[in-house]
Structure formats: C-alpha cells, structure tokens
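The numbers here are math on the coordinates, done by the rules we state, and not lab data. Every value quoted in this text rests on a predicted model; they were computed, and no experiment measured them. Cβ: placed from backbone, ideal geometry, glycine included. Neighbour counts: every protein chain shown.
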C-alpha cells in the first residue's frame, strides 16, 4: 500500500456565541468564539468514506449552544472543560479533543452617572483565551489560559545595542527607542485555579512589567514579563509569550530643514520582528 | 476629441504618524493616520503627461511630517486645518483639498497605583476622526468631526414590529431583541468649537442615547441619537449617522430538547442591515 | 422643533448568493454578493418609530433569493435590474432604490484534458460589478457596470518627472519605475448593451491600455485607459477610474556593498497614492 | 532561581521582495514574502539583556535583499536554501533557522495578440510556498514545498451520510451537496527535486483529484488527494493537507412559495469545518 495516514484532526471553527444572563436588576453578557477539534482513529473514514465514527462538525456546533444553555458559561475555562469532557464521551468519541475559546470583553455604558444595566460598549481589541485538551476517559486534561492582541507601547525605557554586526548590518545602536507590541501570552496551571481572578492579575502584571522594565531588547522584556508572572502567580507552571516588534521609525526630517529629537515617528506594519519564548517554573 | 475629463482627484492615503510630546514629567502620545486629496485643473497632466502642476504625493506625505513637527499636532481638527491651509497655498496649488485624520486612542498603563508617565495600552477599536475641506484662498473651509467603529450592544430595550409584509416576508415581529451596531457618526460645526471637549461630549451622548432609548427600529434609535446631539451641543449644525445592524439571532434550541428564553444568540457578520441618516438643526 | 431629517437610506448588505444551473452535460456557477439600499420618505419611522412603511431588510434578502430562483440570474446587470424594478414596486415602496452586485469569477478545472463539467477553481481577486439605481414608476434607471481589484504591474514604461518641487520635496525624478495598481473602473451606458460581451471587452482594453501606454504619471495612464474604452466601446457614455499607486521602492543596496540596477524592490502597502478621474464622451 | 527559559525563537516576518530579471526581450517578475526565524541558546540575551549574539532582525531583512541580488532568486526553494545556509553561518549564528517564502503569481497581460514582455496581471489568491529548516553546519536540512489559498468548488459529486447521531444532531444526511474548500497543502521530498516542475504537477493533481473524486466526506477527499500525489510524484515523501469546509447551504424557499432543487445556495464564512491530515509513503 502506497499511503499511510500518519496524522489527522477535524472539527468546527469560529462558532460564534453570545449569551445573556438576564438577572432582575441587570444583564450579564458573554461574547465568545469557540473552536473544536477531534483527533483519533479515523482511518476508515479517510480510506473508505466510512462515516460511522465521524461525528458531524454541525453537531459539535449544536453541542456548544446546547451545553452553554444547559450548564451556563461561567468562566471560559469552565465552559471549555465542560465541552471537552462532553466530546470525549460522545458518539464516535475521539481519542482526544481540543477546545479553544476566545472572549471579547464588553464594558457597561456609563449613562446618567451609573453603569447601565443592559447596554454595553466593546472593550479593546484584546481577547481572553483558553485552550483545553482532553483525552478519552478524562485522561491528560490540560488548561492553557491566555490573552491575545493586547497592544502596548512605551515611548522611552527601551534600548537595543551591543548586537553583532556583519556586512549586511546597517541598523544603528540606540539607547532610546519606542517599543510597541501586541502581547500574546498563554500559561498553564499546576491544578485548578481561580480562573477569573488569576487572569485579571496576569493581565495587570503583563502591563506593569512591560511598563516598568528597562528594556535592552524585546527578548529581555519578554523574559522580565514571564519571570514576573511566575514569581507572583504561584498557580502558573509555564508561560509562553509571543511579542511582535511593531517598529516605529524616527522620521528623518533633516532633508526638510527640521530636527527631530524623537518627536515624529512612522508606525510600520511590515516587516516586523517576532520574538517568542517560553518560561517554566523551577 | 472623443473624451472629456469631467472630474479628478489625487492624493496620498494612510500616512501613519505617531508623535511624542516629551514633557519633563510625562510623555503625551498621538497615533494618527492621515489622508490628503487634491482637486483642481489637472487637464494637461491627464492628457499630455505634463506634470508641472502635479505636486507629488510623496511631498504631501513629507508635508504631514514636517508640519506636525513645526506646528505640533494639538487636536486633530487643528492639524487638519493647518495641513489644508498649507496645501491650498503650495506649489501647483489645487483648487481644493481634503484632509482626513483618524486618531487611535491610547490610555496610560496603570502600574504601581498610578498612571504610567510613558507606557500606554491601546483603547478600543474606535477612532476619532476629522475631515477638513478647504478651497484656494481660504475659501469654503469645512470641518467635520466624528467617530468610527464605536461598537455597542444592548440586550433589551429594542423592538421591531408593525412593518409591512409581502410574499417574501418571513421575519417575525419582536418586542425584545438584541441591538448591536458599530457607530459611525460625523458632524459639522457652525463655527470654531472647543474641539476636544465637544468630541468627548458627543461620544458620551451617543453612548447614553443608544443605551437609554426605547428602540422601535434602528432608524428610530438613529434619530434619537442625532436629536440628542443637536439638542445638547449647540456648536453642531448637522450630524450624519451610519449604523450597521449587526444581527444577533436567537438560537432555536427546541430541536436539541432545550428552551431558549433569549439566553443564547449567534452573532452574524453577514448579511447585515445598514441604516444611514442625516439630521440638521432647525 | 430642533432636528430635521435631511437624508436617509437603509438596506441590506452582503447578501451572499451562489447559484447552480444544472444542465444535463454541465453545470454553470454564479457567485454573487448583493447590496440593496432604499431611499424615500421615512420621516415617521425615524421620529416616531412608525414602521408601517419600513420594508424589512430581511425581506430584501429573501427577495434576492426568490427572484434569483424565479427569474434566474443571467448577467448581473439583468439580475440587478430585476431586483431594482421589483423593489420600487414592493410594500412600503421607496422613492428610489440602489442595487449593487459583485461577482466573483470561477474557471473550470482542467482534468483529464478537458474542462470539468462541475468542478471549478477560483479566478483572481478581481470582481465584476454592477450598480443599478431606479426610481419609483421606472424613473431614472441607471446601470453602472465595472470591475474591482484587477491587480496589474509593469516593470518598465513608466516615468514620473517634471513635477513641482518645494522645501518638502525629496522625491527624485525618474524615467523608469515599476507601476503597480489595483484597477477599479466603472462605466455607464447610453442604453441597453450586450452586458457580458461589453464587460469582457472593457476588461481586455483596460489591461491592454495599461500594458502599452508610455506612462508619464498615473494620471496620464488613467486618461489613456479611459480614452481607449470610450473610443472602442461606443455603448459607454462615461467611465470612472480609481487607481491606487502601489509603490514599489528600489532597495538601496549600496550600504551592503552591492549595486541595484532596478532588480530588487520592496512592495509597500502604505502610504499609497490614489488617483481618481472620470471621462465622458464628447 | 524561579524561571527557566525552555524555548525561544526570534526573527523577521513579512519581508516583501519583488525582483525583476531584465532580459533583453522580456522581463521576469517574482513577488515574494519572506519570513526568517532563529532558534538557539539566547539565554543571556533574555536574562541579562546581553545582545552580543542577537543578530538584528533588521540585518535578516537586509540579508534577504542582498542575497536575492547576489545569487538571484531562481525557484523559491533555491532562495530559501541559500538564505538558510547563509544564516546558520552568520554572526551569532543560531542552532537552527527556519525560512519561509510565499510567492504570489503573476501572468503576462495579453495585448495585441501576444503575451506582453513587461506587463503583468495578478493570478488568483493562491500562493506557492516553501519552508526550509536548517541546522548549524548544514545539519538537518528539510524542504517543505506547498500551496495555499487554492479555492475550489464542485457542485455535485459530494455526499455526507452514515454518520453517528445523538441528541444534538440535527444535520440531514445528503447524497449531493456543494463541496467548497481553500486547499492548503505542503509536502516534503526524499531528496533534491525539480522544484518548479514538481510544484506545477502537484497543483494539477490536487485540482484533478478534487474534481474527479466521488466524495463521501472531506476526509475521504483529503485522503484521495494525498494518495494521488504520493502515487504520481515519487519525489514526495509525505504530504500534509488542510481543508476548511466552506459550507454552502441550500436556501429553503418553501416559505416564499418556491421550490429549490439545489439551485440557490448561501455561502457562509463561519462557522466552518476544518479537516487536516498527513499521509506518508509506504
């Protein structure tokens, strides 16, 4: 036989889900996007088109809606665990499942001097995220919480110097530049944690450590951010960070007869640096 | 000759500009995107390739940087006016010029119990905007301020009923639905105004009136929002609103054996309704 | 009363429609996105929330599907006219309606030495477009056909020199540069035309004239393209062109010890020039 | 010490590169986007901000331009290998490097009955891709060629039935549906290959096998596509396929008084199925 199936995975992506908890006094809103992926022995499905174990991705979508209704959402870690545990036990159950949820955050509109009970304005681009992996029979559960698209910028306190040079190096050393990035961070826990409180504290620490660090490079800042989270959040075992370097270039105004002592910059989208690192406790 | 040039316009789009005002105690940050368009008699440029009056779009870009440096940015209305007045007097001056600026907003990071002096986190998707039109010799100046991508959602207080029905109507009447939109608003002034304060107040009023209105349709809410701004901001002459109706559909869970008393919705991107209207004082 | 409604418009955007004409031998495929907008006297809807004339945007969507089924699609100009004429006569009929359709093009997959009867591969990013405006009682019908996102690039035959200079001009004159743009063109007809053949010929002429023109500026090329269409397509009355100048910058390799006689360029997305013009016959 | 750095990687993303080979008779055009990533022992850079081994990402970008000029581009596999071999030997050389290149394809414009020597029109959304990994000293070189965003659709010859059902299953079985996907495929070679010819043949085979297969599921088609490539291209060792299921839903026109025997469909973007699989020879 010429071909072997050595890996496979399938599921449903971007199931959009908005839930309203309609309390007497005020409504609570959740705005979620859910991805589900099954892995397992789907050899005969691939080879022969035998669908007897191929649980439809449409049913995955329905399951998201049904379980969100039946159990409620709670923290996204809770919904992801509920879904993962449900799927590893469903018809044509996979060997393992991955559930991802991204939450967009909304704030209450301030109106008439108070937070409105049922009207909301979207928060920033950032999203709270979770990824849960689970195996059949409850094996190998893993929760990875995180944040994406948290845009930050500092106008000083960032340097880049002392790097190696060769014939293709034209970059000048600098002891003061703009540092801007879109933080993507995710972390795993030693066990169950107070999901919401832990996430909020992690977000604060990411922002604080970014702001306060005297940066010699993006790598240097990445490490400081990760170290700070591990130091202050004992629930966290490991943290992964991904920091694009969104270059802000000082505009050379000399040809226009003007100086530019770090006042006018052009923000660029491409190319961009990309710095990734993972830190583990211990 | 077979062809006449009956309209023309040219310019530079998406000039990205980040400025830092480096005070002793703290830095101020502006994050702008500028568009410039010239209109005028460019007949010979089109017909014969005579570029003697075609001021380069590259010079438009340089002018944005140079004038931001020389005059400072201030409120975006001020920068747009400075640019427009400069361009109508430049080499190969156009008959009229349009300058658009969109400002992305950043907040200071909270660190150690205080607002950080030089580290920032991006605000929401919303952008503050301005469009200035100006003619040669200072003629016909027009300032239109606005806001874009201000996402709002209310979980109740919105109905849609009493509409006409025909053979192609399947929509059910509803006295309670989610209303979600991405507000785009722009307004013109009777004269010079306190740009920043006026914009902040307009934003608050848009949010408040969206939150508090008992909506019978998006049109109904659009009118209430516009009327409120005209009533409370005497500086404003006319307001234009553009409200996409971002449909949130109640998921029918009955086939899954569950009820859904307005708890679980699916957010959809397309198709979407689009409601536009302009209100004028008097 | 403080506020007057001076303009208004509403409708449905991005109705996605794929139709299959299932012939015995082979299938025909159309892939369309439809926008509908109504204008008229909707004063009481805005002021009082009186929806008696507000034909639902959901019914607009249904009408697109129903009429595509009942009448067939044909050329997109035909479907747009069918829809526009239907809407100006519907319940709560507007004073005028605008229907836009964008068609994505698919080609048959070549398999086994022949064009496959029912399998397709997407064409380029370009879309064929139409915009129809119609008034009540068949008044003021206007058909504007066009093309969008037709990306073209020429590696020589383009110059830009002889332009005015001032203190903010740093651009060098060039007699040979890359010219790249994403053509957006639309044209109106003197009367009914052979829509499909006319569109195909217009596309060919846009490409040919772009390729063959000795360009002194984007404006110069824009005019040549428009003039060519008016000269060779007598059905066309007026043509509007919108040509972003997608700058390709020669990379300065001298600091790296290499020459670069127009071999290596960096493609940039922003900022970009934007050149617009309209030509009319006669 | 609380934190260990357990993984890290950094580099430059989206270096845009357009090259022109200026032959006497005609020009050849390449349009590439290059990503570079270094991995290695950058512990002291992270911990202490010691940049002595941190080769700047700006120099990576310069290296792309310089080597494209010095060596020429050739097939993208060749450029990626040149770059990877250069980087593992550069200052502060990493333990391993990954180079990715995506090529956008352009066709010559047909003008005056011939292919134009220096004017081009963009091909479809599809991109030709390559990923090269290389270790220090020439170790562990790996070439993975591929294609992305190849959009295909078949109007018949696709079924989905016989799948497991549970309380959350509402999907109807079907023996005839639209199947649409955006093919992402990548494959590794047993050794050096005729890169360009092999890629073109792989593309043809992907299209043909998609078109001709009697599909019982996306998995079934994925396997048929992979098996076909392994059978007909002996150079290929392993192939990875990623097939989003872009659902086209038959519109229910019964409430509008019309039948719909698979004529009118709505194309949806989300949610979507996602099917991934890897096949290996032997």
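Each other copy holds its own label point for residue C:262; taking that point as 7 Å from Cα along Cα to Cβ, the gaps run 4.2, 5.4, 6.7 nm, nearest first.
In the calculated pair distance distribution of region B:186-282, what percentage of Cα-Cα distances lie above 20 Å? Provide the component values of the computation, followed by the final result.
On the way: 2320 of 4656 pairs.
Above the 20 Å cut-off, region B:186-282 has 50 percent of its Cα pairs.
Comparing B:127, B:250, B:165 in a Gaussian network model of chain B, where Cα atoms under 10 Å apart are tied by springs, the biggest mean-square fluctuation is seen for B:165. Shape analysis of the protein assembly as shown places it in the rounded category; the axes a ≥ b ≥ c from the Cα gyration tensor give an a/c below 1.5.
So what's Rg/Rh here for chain A, counting alpha carbon atoms and using the Kirkwood radius for Rh? It would help to have the intermediate numbers written out before the result.
Values: Rg = 23.3 Å, Rh = 22.0 Å.
Rg/Rh: 1.06.
Taking C:252, C:21, C:41 in turn, the Gaussian network model of chain C (Cα-Cα springs below 10 Å) assigns the largest fluctuation to C:252.
Going by the alpha-carbon gyration tensor, a ≥ b ≥ c the square roots of its eigenvalues, is region D:184-239 rounded (a/c under 1.5) or, if a/c is not under 1.5, prolate (a/b greater than b/c) versus oblate?
Values: a/c = 2.62, a/b = 1.90, b/c = 1.38.
Taking the square roots of the gyration eigenvalues as a ≥ b ≥ c, region D:184-239 is prolate.
The relative contact order of chain D, computed from alpha carbon pairs under 8 Å that lie at least 6 residues apart in sequence, is 12 percent. Helical runs (DSSP H, four residues minimum) scored at -39500 (n - 2.57) apiece and divided by the length of chain C put the mean residue ellipticity at 222 nm at -7500 deg cm²/dmol. Normalised by the number of residues in region C:153-195, the average gap of Cα pairs under 8 Å and 6 or more apart makes the relative contact order 45 percent. Angle of helix D:195-212 to the longest C-alpha principal axis of chain D, folded into 0 to 90 degrees and rounded to 10: 10°.
Note down the relative contact order for region A:1-127 as a percent, whole number, built from C-alpha pairs under 8 angstrom at least six residues apart. Working shown, then result.
Details: 183 pairs, mean separation 32.4, N = 127.
Relative contact order comes out at 26 percent.
Of all beta-carbon atoms in chain A, the one sitting closest to the axis that brings chain A onto chain C gives A:269, 4, with the distance in whole angstrom. Across the identical copies, the 7 Å label point of residue B:44, projected outward along Cα→Cβ, sits 6.0, 6.7, 8.3 nm from its counterparts, in ascending order. Whole Å is fine, so just give me how far the alpha carbon centre of region C:206-282 lies from that of region A:1-28. Rounded to whole Å, the Cα centres lie 45 Å apart.
Partner shielding of A:157-166 amounts to 6, given as the average count of beta-carbon atoms from other chains within 10 Å of each residue beta-carbon.
To the nearest ten degrees, helix A:57-71 and the longest principal axis of the Cα atoms of chain A are 90 degrees apart. I'd like the distance separating the alpha-carbon centroids of region D:90-165 and region C:145-194, in whole Å. For region D:90-165 versus region C:145-194, the Cα centre distance is 29 Å.
Relative to the other identical copies, residue A:172 shows label-point distances of 2.1, 6.7, 6.9 nm, where the label point lies 7 Å from Cα along the Cβ direction and values run shortest first. Taking Cα atoms only, the orientation of helix C:76-87 departs from the longest principal axis of chain C by about 40 degrees. Across peptide D:211-221, the mean count of Cβ atoms from other chains lying within 10 Å of each residue's own Cβ comes to 6. In terms of surrounding Cβ atoms within a 10 Å radius of their Cβ, C:213, A:220 rank from fewest to most as C:213, A:220. Mind running the shape call on region A:62-166? Use the C-alpha gyration tensor, a ≥ b ≥ c as the square roots of the eigenvalues: rounded below 1.5 for a/c, prolate if a/b tops b/c, oblate otherwise. Because a/c hits 1.5 or more and a/b fails to exceed b/c, region A:62-166 counts as oblate.
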